[in-house]
Ligand code: WT7
């Protein structure tokens, strides 16, 4: 019996039960049958949740890049591994086969070694979405260096904080990057980020835009001449299962960003397993994840999960609206993409564009659509389903986190019947529970609670870099004995999960516990509404009242605002009764968002509650200018 591929719902339930009853057997078999190990493990896992101590495949020896590339060469050497689509449609694409990827990674790995990078060293990577970014990540992993990718849109201050926190020895960057019609000067940002004394000894610079940069003697080096000279083969480092693979920073609502540490074997096993099952992977597929490699989605599915399965993965440098709003659809057409994985924020913005941008292109290659990052509202779900998938492609609404490493709750394409706005069922191995007050599990269906996971899974982050105490406090203290996700969820009559938002966003109105996501979902059904964010603010009688920030579609802006307000509240009332009505509705031009597209409800809540002196960490915000505008027009 192999557990690697689930073919139907009955088998899903079988595998799920097996994973709960005999987790050692379940994961042990998957790990043994599908990967290349230098040496097998002695123990599948060992853990103590209360102390945040989790280990998988103890004693195993492995290299994830051998599994991503080398072992595919005999069978798939000439198969495209990465398809690179540049920002400009004038520039030619690159089809990088597994053979070619091997050579590129080997050369880069040899360059890194020649510059003194060793196993365990931290290397920060601040690159645009170009092949060198993927190659740099894999080269680090090949030689056992710990990569920490910093999204190349972050400010010098954000880079500085991350570089300092992990004590990076090297930064890999580029002269500049293309984003739509703009170019960004990446090297200048790095110079600013490390102008004071840091741990950084070398800055390796990739030439991309060709603009002039200043090179500091003894510290900064161009990649090209070293790369040209480098040997084309490389012997991978033998890693322990629990050796760190990478650090990825995620921002908390307070305090500095958390450097989540992922280790080697468990991450490898579970990203591969989930990629294969959630996206219904077939050997001739072309997988496209639009997330930047600077986010966990890019790490786990664009890169590692795809390559571990020997798939073809698309790497797109540009933005959805350049040269026009049909770019995504043109790329699907050009490469005959079969799986398309994106975020609700991208869907919501593209659905406001002229539909001709879609119909111009042939999307018939698509088989699976995916969504990640926030709850997908019903409007967006239906648009995605009707107009992109033409009602023939299952949508997988995948719930997970930077901390979880891989997808946790999600339909499996062609296996799990979907239900709009529901992430549906936990994957095998994921023991999701809803917790209530006093650390008690809420059993049964048609219930709501704090979403926790009561048993460890292979790809969970093992610690916060340099701060294990904070790791324990953040994830293992609210509901001792379980991992607390920070999200609220409800479980419907058949056991499907719906994520209702971060629990710090939950608003108690007149004693009723309302998730913000379902209310926003109702609001977004109004034809004039583009996006919405709901937060609570103190109210004398109700305890809390609801404040809605709403952006209108182009065709909605001409409507009478008072009427739209009324209709929105009628819509909410029809879903939740008058309890869900918004006391205040402010129409805004734009909502404050993180660079990964999440609405920053925390900031909106501070504005609604008049606590504007401290917005917490705002370094990840993409559009800080909208905040003042919202404050100026506050109701
Ligand atoms: C938080 C994690 C994991 C990849 C991208 C985000 C929210 C994520 C969904 C979904 C509802 C979702 C949760 C989660 N979230 N996916 N399908 N439905 N909410 O990673 O930045 O670590 O954020 O994103 O609130 O806790 P992240």
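Residues in segment 341-355 that are under 22 Å from residue 278 (Cα atoms) and in contact with a helix residue (DSSP H, G or I) (Cβ under 6 Å, 6 or more places away or on another chain): 344, 347.
Yes or no: segment 447-458 includes at least one residue that is out of contact with any helix residue (DSSP H, G or I) (no Cβ under 8 Å at 6 or more places or on another chain), at pLDDT below 95, more than 16 Å from the ligand (Cβ to nearest atom) and over 29 Å from residue 338 (Cβ atoms). Yes.
Within the span defined as segment 601-610, one or more residues are surrounded by fewer than 14 Cβ atoms within 10 Å (Cβ to Cβ) and within 21 Å of residue 538 (Cα to Cα). Give the residues of segment 188-200 that are touching a helix residue (DSSP H, G or I) at 6+ places or on another chain (Cβ under 8 Å) and not in a loop (DSSP other than H, G, I, E, B), sorted by residue number. Selection gives 189, 190, 192, 193. Residues being at pLDDT below 85 and on the phi > 0 side of the Ramachandran plot are entirely absent from segment 589-596.
Condition check ((1) within 16 Å of the ligand (Cβ to nearest atom); (2) outside any strand (DSSP E or B); (3) out of contact with any strand residue (DSSP E or B) (no Cβ under 7 Å at 6 or more places or on another chain)) across all residues:
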| site | (1), (2), (3) |
| --- | --- |
| 325 | no, yes, yes |
| 331 | no, yes, no |
| 354 | no, yes, yes |
| 361 | no, yes, yes |
| 405 | yes, yes, no |
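The condition (being more than 16 Å from the ligand (Cβ to nearest atom) and either modelled with pLDDT under 95 or part of a strand (DSSP E or B) (or both)) is satisfied by just one residue among 261, 314: 314.
Among the residues of segment 382-399, write down those that are within 12 Å of the ligand (Cβ to nearest atom) and in contact (Cβ under 8 Å) with a residue 40 or more places away in the chain.
Selection gives 396, 398, 399.
Put simply, of 159, 203, 213 the only residue that is part of a loop (DSSP other than H, G, I, E, B) and surrounded by 14 or more Cβ atoms within 10 Å (Cβ to Cβ) is 213. Residues in segment 278-295 that are away from the ligand (no atom under 14 Å from the Cβ) and surrounded by fewer than 24 Cβ atoms within 10 Å (Cβ to Cβ): 280, 281, 282, 283, 284, 285, 286.
Inside segment 382-400, residues that are surrounded by 19 or more Cβ atoms within 10 Å (Cβ to Cβ) and part of a loop (DSSP other than H, G, I, E, B) make up a count of 3.
Kindly check whether there is at least one residue in segment 482-497 that is under 20 Å from residue 426 (Cβ atoms), at pLDDT below 85 and within 11 Å of the ligand (Cβ to nearest atom). No, the conditions are met nowhere in segment 482-497.
Residue-by-condition table, conditions (1) outside any loop (DSSP other than H, G, I, E, B); (2) closer than 20 Å to residue 270 by Cβ:
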residue	(1), (2)
422	no, no
430	no, yes
435	yes, no
449	yes, no
461	no, yes
473	yes, no
484	yes, yes
495	no, no
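Say we look at segment 363-381 and pick out the residues that are away from the ligand (no atom under 12 Å from the Cβ) and in a loop (DSSP other than H, G, I, E, B); which of these is surrounded by the fewest Cβ atoms within 10 Å (Cβ to Cβ)? Ranking the qualifying residues of segment 363-381, first place goes to 364. Is it fair to say residue 469 is surrounded by fewer than 15 Cβ atoms within 10 Å (Cβ to Cβ), without any contact (Cβ under 8 Å) to a residue 12 or more places away in the chain, away from the ligand (no atom under 13 Å from the Cβ) and not in a strand (DSSP E or B)? Considered against the rule, which asks whether it is surrounded by fewer than 15 Cβ atoms within 10 Å (Cβ to Cβ), without any contact (Cβ under 8 Å) to a residue 12 or more places away in the chain, away from the ligand (no atom under 13 Å from the Cβ) and not in a strand (DSSP E or B), residue 469 comes out as yes.
So that you can scan it fast, the table gives a plain yes or no per residue for (1) farther than 23 Å from residue 593 by Cα; (2) more than 16 Å from the ligand (Cβ to nearest atom); (3) at pLDDT 95 or above:
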| residue | (1), (2), (3) |
| --- | --- |
| 253 | no, no, no |
| 271 | yes, no, yes |
| 297 | no, no, yes |
| 303 | yes, no, yes |
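The values are calculated or read from the model by the stated rules, or taken from the named source; none is laboratory data. Everything quoted here is computed from the prediction, not taken from an experiment. When we count neighbours, we look across all protein chains shown, and the Cβ atoms used for this are built from the backbone with ideal geometry, even at glycine.
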